[in-house]
């Protein structure tokens with residue numbers, strides 16, 4: 001396969017006259033298999049940019065040897081701009097894309113809604129047996145909640161977390177001018193922070209979507 005070569009020629013002493021004299025007398029002196037494509041000379045006629053084409057790079061050396069006494073050479077293999085752009089372009093997929101190739105994007109509000117469901121179901125799987133056994137017996141609830149140091153730790157953590165959540169709901173909800181800020185508070189009282197927090201985040205995401 002033939003390759004293009006950009007040959008930069010610096011004329012000895014910046015004098016083009018000897019080069020043109022030899023060219024008129026003997027021609028380009030290019031061996032068979034080395035083809036001339038085009039050339040450009042700078043305005044001072046001290047430098048030439050010559051585009052040559054060959055499949056055998058050794059022919060470049062053979063050709064430049066005929067002119068080394070008059071010219072200093074720099075040889076650069078090149079491609080056209082169109083070919084360079086084609087090489088840089090990504091290789092297209094041979095098969096058409098399917099729905100399985102498309103990335104699945106989970107919207108935050110959908111994730112928060114799923115967490116609301118989990119935040120309700122998971123705690124109630126542990127709380128429902130107590131309701132069946134004791135009903136709404138507040139004394140029994142408090143007794144079991146603070147019956148051991150470990151249970152007291154988790155009970156106090158939930159209470160403090162709920163206070164933090166209510167403060168966050170009020171501050172963030174007021175700043176964003178959200179409605180129905182009572183809903184996360186009621187959710188945290190009926191279930192816990194596991195429902196109140198994702199419910200508020202879901203409401204905030206919907207508010208952001210509306211005002212975007």
Before we move on, is residue 165 out of contact with any strand residue (DSSP E or B) (no Cβ under 9 Å at 6 or more places or on another chain), in the same structural domain as residue 130 (by TED's automatic domain parsing) and within 14 Å of residue 119 (Cβ to Cβ)? yes
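Residues checked against (1) in the same structural domain as residue 54 (by TED's automatic domain parsing); (2) closer than 12 Å to residue 67 by Cα; (3) out of contact with any helix residue (DSSP H, G or I) (no Cβ under 9 Å at 6 or more places or on another chain):
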| residue | (1), (2), (3) |
| --- | --- |
| 18 | yes, yes, no |
| 22 | yes, yes, yes |
| 27 | yes, yes, yes |
| 34 | yes, no, no |
| 38 | yes, no, yes |
What number of residues in the stretch 50-68 are touching a residue at least 40 places away in the same chain (Cβ under 8 Å) and part of a loop (DSSP other than H, G, I, E, B)? 3
Number of the exception - residue 178 against (1) in a helix (DSSP H, G or I); (2) under 34 Å from the mean Cα position of the chain (by Cα); (3) surrounded by fewer than 19 Cβ atoms within 10 Å (Cβ to Cβ): (1)
Spot the failing condition for residue 42; the list is (1) without any contact (Cβ under 8 Å) to a residue 12 or more places away in the chain; (2) more than 17 Å from residue 10 (Cβ to Cβ), and only one is missed. (2)
Just one of (1) assigned to a helix (DSSP H, G or I); (2) in contact (Cβ under 8 Å) with a residue 40 or more places away in the chain trips up residue 4, so point out which. (1)
The one condition residue 129 fails out of (1) over 30 Å from residue 210 (Cβ atoms); (2) surrounded by 12 or more Cβ atoms within 10 Å (Cβ to Cβ) is (2)
Just checking, does the stretch 69-79 include any residue being buried (at least 16 other Cβ atoms within 10 Å of the Cβ) and without any contact (Cβ under 8 Å) to a residue 60 or more places away in the chain? yes
Going through the stretch 111-126 one residue at a time, which ones are out of contact with any helix residue (DSSP H, G or I) (no Cβ under 6 Å at 6 or more places or on another chain) and under 20 Å from residue 151 (Cα atoms)? 122, 124, 125, 126
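Considering the stretch 147-167 alone, what residues qualify as being part of a loop (DSSP other than H, G, I, E, B) and at pLDDT 90 or above? Spell out how you get there, then give the answer.
Of the stretch 147-167, the ones part of a loop (DSSP other than H, G, I, E, B) are 147-148.
Once the filter is applied, which keeps residues that are part of a loop (DSSP other than H, G, I, E, B) and at pLDDT 90 or above, the stretch 147-167 yields only 148.
The values are calculated or read from the model by the stated rules, or taken from the named source; none is laboratory data. Since this is a predicted model, take the numbers as computed values, not measurements. No Cβ is skipped: glycine too gets one built from the backbone with ideal geometry, and neighbour counts run over all protein chains shown.
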